[in-house]
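Values quoted throughout were computed directly from the atomic coordinates according to the rules given, and no laboratory measurement underlies them. Keep in mind it's a predicted model, so treat the numbers as computed, not measured. Every residue, glycine as well, gets a Cβ built from its backbone with ideal geometry; the counts of neighbours run over all protein chains shown.
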Amino acid sequence: MRISRFVSTAIASAVLLCAVGAAQAEITTYTSQSAYLAAVGNTGVDTFDDLDVDAYDGPLDRFAGDYAYTVSAGPESSTLYGASDDFSDVWLSSDNRLDLISFDASSPIAGAGGFFFGSDLFGSSTPAGYLVLTATDSTGATVSYTLENPGFDSFVGFVSTDDLLTLTMTAEDQPGVWATVNDLHLSVAAVPEPSTYGMLLGGLGLVGYMARRKAKKA
């Protein structure tokens with residue numbers, strides 16, 4: 001009885017610690033595509049190459065691999081634009097350069113990111129001073145990152161310990177600059193390494209051993 005009570009208390013304490021950790025969700029920012037991919041599980045990518053270089057009435061329902069999401073723009077205009085330098089690699093931008101573009105997850109995901117840069121009135125890539133990217137998860141946690149001097153290869157990704165709900169981008173009021181994204185990444189959480197489970201089982205075994213020793217001494 002004493003051993004069972006000791007083990008039960010230890011397990012309950014471990015569960016409580018896990019619950020507390022889960023409640024304190026955190027969002028981590030990555031500025032390297034490889035580092036982002038190493039931190040997440042299966043990732044789907046929306047290349048936007050199915051779009052024409054043209055206007056689209058938003059919001060749009062889209063997929064990045066297996067993961068559904070909705071992209072919208074506002075508050076000035078709901079119109080979204082397919083843009084490109086060469087009409088083959090297509091990006092996504094908006095109608096009004098002051099608008100915020102929002103990517104809202106329809107499927108459970110833990111990570112979102114992509115290549116963010118500026119485009120001009122004609123949809124061609126153009127230098128930008130900065131872009132502001134913001135991620136929000138299901139606990140209400142929000143993280144903003146200012147991407148300085150973004151280029152065509154500037155990657156930013158966010159990974160949450162909870163479900164990630166929304167990713168937004170804006171160029172704010174920079175004359176001649178529209179916030180633009182290419183290759184939007186949506187990802188699920190990474191699967192724990194087998195060693196993690198091994199450590200947990202080992203810890204429970206140690207608890208049992210200590211309980212038996214305590215019982216023998218009593």
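Going by C-beta contacts inside 10 Å, put Glu148, Glu172 in order with the fewest on the left.
Numbers: Glu148 10, Glu172 14.
Fewest to most other Cβ atoms nearby, the residues stand as Glu148, Glu172.
Converting phi to 3J(HN,Hα) with the Karplus coefficients 6.51, -1.76 and 1.60 and the offset θ = phi - 60°, the stretch 148-161 yields 7, 6, x, x, 4, 9, 7, 9, 9, x, 10, 10, 10, 7 Hz in sequence order, with x at every glycine or proline. If R0 is taken as 25 Å, the Cβ-Cβ distance between Ala68 and Phe122 corresponds to a FRET efficiency of 0.20. Computed from backbone phi, the HN-Hα couplings of the stretch 87-99 come to 6, 10, 8, 9, 10, 10, 9, 10, 7, 10, 5, 7, 6 Hz, rounded to whole numbers (Karplus: 6.51 cos²θ - 1.76 cosθ + 1.60, θ = phi - 60°; Gly and Pro given as x). Assuming charge only on the beta carbon of Lys and Arg (+1) and of Asp and Glu (-1), the dipole of the stretch 26-193 about its Cα centre is about 340 debye to the nearest 20.
Amide H contacts of Ser106: Ala68, Tyr69, Thr70, each under 5 Å away and 5 or more positions distant or on a separate chain (H built 1.01 Å from N in the peptide plane; Pro and chain starts excluded).
For Gly118, the residues whose modelled amide H falls within less than 5 Å of its own, excluding neighbours fewer than 5 places apart on the same chain, are Thr126, Ala128.
Close amide H partners of Leu165, meaning residues 5 or more places away or on another chain with modelled amide H under 5 Å apart, are Thr136, Asp137, Ser138. Evaluating 6.51 cos²θ - 1.76 cosθ + 1.60 at θ = phi - 60° for every residue in the stretch 132-143, the Karplus couplings come out as 10, 10, 9, 10, 9, 10, 6, 8, x, 5, 9, 10 Hz, glycine and proline recorded as x.
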